[in-house]
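Asker: Below is one structure. I have some questions about it.
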Amino acid sequence: MTKQALVFLSNGCEETEAVTTIDLLTRAGINVTYASITEDRQVECSRGVTILAQKVFSEVNNVDFDVIILPGGLKGAENFRDSQQLIKKLKQAHQAGNIIAAICASPAMVLQHHNLFPNAFMTGYPTTKDTIKNWKSDRAYFDAQYKLITSQGPGTSIDFALKIIEVLLDKKAAAEVAAQLVLPQGIASYQ
(Lines give C-alpha, C1' and ligand atoms only; values in the text may rest on other atoms or scores of the structure.)
Protein backbone atom coordinates (compact mmCIF):
# COMPACT_ATOMS: atom_id res chain seq x y z
CA MET A 1 0.00 0.00 0.00
CA THR A 2 1.32 3.46 -0.92
CA LYS A 3 2.52 5.53 2.01
CA GLN A 4 0.74 8.84 2.65
CA ALA A 5 2.58 12.01 3.64
CA LEU A 6 1.14 15.37 4.64
CA VAL A 7 3.28 18.50 4.38
CA PHE A 8 1.73 21.43 6.18
CA LEU A 9 2.33 24.93 4.83
CA SER A 10 1.87 28.27 6.53
CA ASN A 11 2.66 31.84 5.62
CA GLY A 12 6.33 32.39 6.34
CA CYS A 13 7.37 28.74 6.05
CA GLU A 14 10.72 27.98 4.43
CA GLU A 15 10.07 27.17 0.76
CA THR A 16 13.29 25.19 0.22
CA GLU A 17 12.40 22.82 3.04
CA ALA A 18 8.80 22.42 1.87
CA VAL A 19 9.42 21.96 -1.86
CA THR A 20 12.52 19.74 -1.49
CA THR A 21 10.63 17.41 0.83
CA ILE A 22 7.56 17.30 -1.43
CA ASP A 23 9.74 16.60 -4.49
CA LEU A 24 11.92 13.86 -3.00
CA LEU A 25 9.06 12.00 -1.33
CA THR A 26 7.16 12.08 -4.62
CA ARG A 27 10.20 10.66 -6.43
CA ALA A 28 10.15 7.78 -3.93
CA GLY A 29 6.55 6.94 -4.85
CA ILE A 30 5.07 8.32 -1.64
CA ASN A 31 1.68 10.00 -2.06
CA VAL A 32 2.30 13.56 -0.86
CA THR A 33 -0.44 16.02 0.03
CA TYR A 34 0.51 19.60 0.85
CA ALA A 35 -2.02 21.60 2.76
CA SER A 36 -2.37 25.05 4.26
CA ILE A 37 -2.94 25.24 8.01
CA THR A 38 -5.72 27.75 7.28
CA GLU A 39 -8.69 27.75 4.92
CA ASP A 40 -6.70 29.74 2.30
CA ARG A 41 -4.81 27.63 -0.25
CA GLN A 42 -2.40 30.43 -1.13
CA VAL A 43 0.70 30.47 1.07
CA GLU A 44 3.41 33.12 0.92
CA CYS A 45 6.67 31.55 2.03
CA SER A 46 9.59 33.15 3.88
CA ARG A 47 11.36 34.47 0.78
CA GLY A 48 8.22 35.63 -1.00
CA VAL A 49 7.61 32.51 -3.09
CA THR A 50 3.89 31.79 -3.28
CA ILE A 51 2.75 28.16 -3.18
CA LEU A 52 -0.79 27.12 -3.95
CA ALA A 53 -1.56 24.32 -1.50
CA GLN A 54 -3.53 21.33 -2.79
CA LYS A 55 -5.79 21.35 0.25
CA VAL A 56 -6.87 23.51 3.17
CA PHE A 57 -6.82 22.34 6.77
CA SER A 58 -10.46 21.26 6.96
CA GLU A 59 -9.91 18.90 4.00
CA VAL A 60 -7.10 16.99 5.76
CA ASN A 61 -8.09 17.30 9.40
CA ASN A 62 -9.87 13.95 9.59
CA VAL A 63 -7.55 12.09 7.19
CA ASP A 64 -4.89 9.71 8.48
CA PHE A 65 -1.33 10.06 7.14
CA ASP A 66 1.76 7.93 7.74
CA VAL A 67 3.81 11.07 8.35
CA ILE A 68 3.01 14.72 9.05
CA ILE A 69 5.77 17.14 8.06
CA LEU A 70 6.42 20.69 9.26
CA PRO A 71 8.87 22.82 7.28
CA GLY A 72 10.63 25.56 9.23
CA GLY A 73 11.09 29.25 8.68
CA LEU A 74 10.73 31.50 11.71
CA LYS A 75 7.36 33.03 10.84
CA GLY A 76 6.06 29.71 9.51
CA ALA A 77 7.04 27.93 12.72
CA GLU A 78 5.35 30.64 14.76
CA ASN A 79 2.17 30.15 12.72
CA PHE A 80 2.37 26.38 13.26
CA ARG A 81 2.94 26.95 16.99
CA ASP A 82 -0.10 29.22 17.26
CA SER A 83 -2.49 26.93 15.36
CA GLN A 84 -4.41 24.98 18.01
CA GLN A 85 -6.06 22.80 15.34
CA LEU A 86 -2.62 21.83 14.00
CA ILE A 87 -1.30 21.00 17.48
CA LYS A 88 -4.36 18.84 18.10
CA LYS A 89 -3.77 17.00 14.78
CA LEU A 90 -0.10 16.41 15.65
CA LYS A 91 -1.07 14.96 19.03
CA GLN A 92 -3.67 12.69 17.42
CA ALA A 93 -1.21 11.51 14.75
CA HIS A 94 1.44 10.76 17.38
CA GLN A 95 -1.06 8.86 19.56
CA ALA A 96 -2.06 6.83 16.49
CA GLY A 97 1.57 5.79 16.01
CA ASN A 98 2.25 7.91 12.96
CA ILE A 99 5.52 9.72 12.29
CA ILE A 100 6.00 13.44 12.91
CA ALA A 101 8.80 15.22 11.02
CA ALA A 102 9.95 18.80 11.59
CA ILE A 103 12.88 20.86 10.33
CA CYS A 104 14.65 24.14 11.11
CA ALA A 105 12.74 26.29 13.63
CA SER A 106 9.78 23.91 13.90
CA PRO A 107 11.32 21.34 16.31
CA ALA A 108 11.97 24.04 18.93
CA MET A 109 9.13 26.45 18.21
CA VAL A 110 6.40 23.86 17.75
CA LEU A 111 7.34 20.48 19.19
CA GLN A 112 9.44 21.66 22.14
CA HIS A 113 7.21 24.68 22.84
CA HIS A 114 4.12 22.46 23.19
CA ASN A 115 6.10 19.73 24.97
CA LEU A 116 4.83 17.19 22.44
CA PHE A 117 7.91 14.94 22.80
CA PRO A 118 9.35 15.83 26.22
CA ASN A 119 12.06 13.15 26.26
CA ALA A 120 12.75 12.76 22.54
CA PHE A 121 16.14 13.43 21.01
CA MET A 122 15.97 15.97 18.21
CA THR A 123 17.88 18.50 16.19
CA GLY A 124 16.85 21.80 14.65
CA TYR A 125 18.20 25.11 13.48
CA PRO A 126 21.55 25.53 15.29
CA THR A 127 20.48 28.71 17.13
CA THR A 128 17.69 26.71 18.82
CA LYS A 129 20.17 24.28 20.42
CA ASP A 130 19.73 25.76 23.91
CA THR A 131 15.93 25.42 23.77
CA ILE A 132 15.91 21.74 22.77
CA LYS A 133 16.24 19.49 25.82
CA ASN A 134 17.89 16.45 24.18
CA TRP A 135 19.89 18.03 21.35
CA LYS A 136 21.44 15.94 18.55
CA SER A 137 23.92 17.56 16.15
CA ASP A 138 22.99 15.27 13.21
CA ARG A 139 21.88 16.85 9.92
CA ALA A 140 18.74 14.69 10.13
CA TYR A 141 17.84 12.53 13.11
CA PHE A 142 15.23 9.82 13.68
CA ASP A 143 14.20 9.08 17.26
CA ALA A 144 12.68 5.64 16.74
CA GLN A 145 11.12 5.48 20.20
CA TYR A 146 8.99 8.56 19.53
CA LYS A 147 8.69 8.15 15.75
CA LEU A 148 10.12 11.64 15.33
CA ILE A 149 12.31 12.92 12.50
CA THR A 150 14.03 16.30 12.83
CA SER A 151 16.56 18.23 10.77
CA GLN A 152 18.50 21.49 10.91
CA GLY A 153 17.58 23.83 8.06
CA PRO A 154 17.39 24.62 4.34
CA GLY A 155 20.83 23.09 3.69
CA THR A 156 19.75 19.79 5.26
CA SER A 157 16.45 19.55 3.37
CA ILE A 158 17.74 16.71 1.19
CA ASP A 159 18.98 14.78 4.24
CA PHE A 160 15.60 15.38 5.91
CA ALA A 161 13.60 14.10 2.94
CA LEU A 162 15.87 11.07 2.49
CA LYS A 163 15.53 10.22 6.19
CA ILE A 164 11.72 10.36 5.86
CA ILE A 165 11.93 8.05 2.82
CA GLU A 166 14.22 5.65 4.69
CA VAL A 167 11.87 5.49 7.69
CA LEU A 168 8.66 5.21 5.63
CA LEU A 169 10.00 2.79 3.01
CA ASP A 170 13.58 1.59 3.50
CA LYS A 171 17.21 2.54 3.01
CA LYS A 172 17.23 1.13 -0.56
CA ALA A 173 14.42 3.49 -1.61
CA ALA A 174 16.28 6.44 -0.07
CA ALA A 175 19.47 5.40 -1.89
CA GLU A 176 17.61 5.19 -5.22
CA VAL A 177 16.30 8.75 -4.80
CA ALA A 178 19.71 10.00 -3.62
CA ALA A 179 21.34 8.52 -6.73
CA GLN A 180 19.13 10.71 -8.95
CA LEU A 181 20.30 13.91 -7.25
CA VAL A 182 24.05 14.03 -8.06
CA LEU A 183 24.86 14.75 -4.42
CA PRO A 184 28.35 15.80 -3.32
CA GLN A 185 30.17 13.09 -1.40
CA GLY A 186 29.23 13.05 2.27
CA ILE A 187 25.96 14.99 2.08
CA ALA A 188 23.91 11.89 2.75
CA SER A 189 24.75 8.38 3.88
CA TYR A 190 23.05 6.73 0.91
CA GLN A 191 25.98 6.70 -1.54
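Asker: Can you give me the accessible area per residue for segment 4-179, using a 1.4 Å probe, in Å²?
Answerer: 43
Asker: Please report how far the C-alpha centroid of segment 118-163 lies from that of segment 1-51, rounded to the nearest whole angstrom.
Answerer: Each part reduced to its Cα centre gives a spacing of 19 Å.
Asker: A further question follows. Which of the residue pairs Lys129/Lys172; Lys75/Lys171; Lys3/Lys172 have a Cα-Cα distance greater than 26 Å in the structure shown? If you can, show how the numbers build up before the last one.
Answerer: Details: Lys129/Lys172 31 Å; Lys75/Lys171 33 Å; Lys3/Lys172 16 Å.
Checking Cα-Cα distances, Lys129/Lys172; Lys75/Lys171 exceed 26 Å.
Asker: Mind putting a number on the dipole of the chain about its Cα centre? Charges go on the C-beta only, +1 for Lys and Arg and -1 for Asp and Glu, and I need it in Debye to the nearest 20.
Answerer: For the chain, the charge dipole is close to 340 debye.
Asker: Do you know the relative contact order of segment 4-179, to the nearest whole percent, from alpha carbon pairs under 8 angstrom that are 6+ apart?
Answerer: 21
Asker: Between Asp64 and Leu52, how many nm apart are label points set 7 Å from Cα along the C-beta direction?
Answerer: 3.2
Asker: Read phi for every residue in segment 158-174 and hand back ³J(HN,Hα) as whole Hz from Karplus 6.51 cos²θ - 1.76 cosθ + 1.60, θ = phi - 60°, with x for Gly and Pro.
Answerer: 5, 4, 4, 5, 5, 5, 4, 4, 4, 6, 6, 10, 5, 5, 4, 4, 5
Asker: Please list 3J(HN,Hα) in residue order for segment 117-123, calculated via the Karplus relation 6.51 cos²θ - 1.76 cosθ + 1.60 where θ = phi - 60°; whole Hz, with x for glycine and proline.
Answerer: Once θ is set to phi - 60°, the couplings for segment 117-123 become 9, x, 10, 6, 8, 8, 10 Hz.
Asker: Cut-off under 16 Å on the C-alpha distance; same-chain residues fewer than 8 positions from Lys91 excluded. Which lysines are left, in chain and number order?
Answerer: Answer for Lys91, where 16 Å is the Cα cut-off: Lys147, listed by chain and number.
Asker: Enumerate the calculated ³J(HN,Hα) couplings along segment 48-62 in order (Karplus 6.51 cos²θ - 1.76 cosθ + 1.60, θ = phi - 60°), each rounded to whole Hz, writing x wherever the residue is Gly or Pro.
Answerer: Whole-Hz 3J(HN,Hα) from phi for segment 48-62: x, 6, 9, 10, 9, 5, 5, 9, 9, 4, 4, 7, 10, 4, 9.
Asker: Right, something else. Ignoring ligands, DNA and RNA, what percent of the 1.4 Å accessible area of the chain is carbon and sulfur?
Answerer: Carbon with sulfur: 47 percent of the solvent-accessible area.
Asker: To the nearest 500 deg cm²/dmol, what mean residue ellipticity at 222 nm is calculated for the chain from DSSP H runs of n ≥ 4 alone, each contributing -39,500 (n - 2.57), summed and divided by the residues? Don't skip to the end; give the middle numbers.
Answerer: On the way: 6 runs with 59 residues, N = 191.
For the chain, the value works out to -9000 deg cm²/dmol.
The values are calculated or read from the model by the stated rules, or taken from the named source; none is laboratory data. Remember, predicted model here, so these are calculated numbers, not experimental data. No Cβ is skipped: glycine too gets one built from the backbone with ideal geometry, and neighbour counts run over all protein chains shown. For the accessible areas, the whole protein counts, side chains as well, though only heavy atoms, and no ligand, DNA or RNA atoms are used. Shrake-Rupley method; radii C 1.70, N 1.55, O 1.52, S 1.80 Å.
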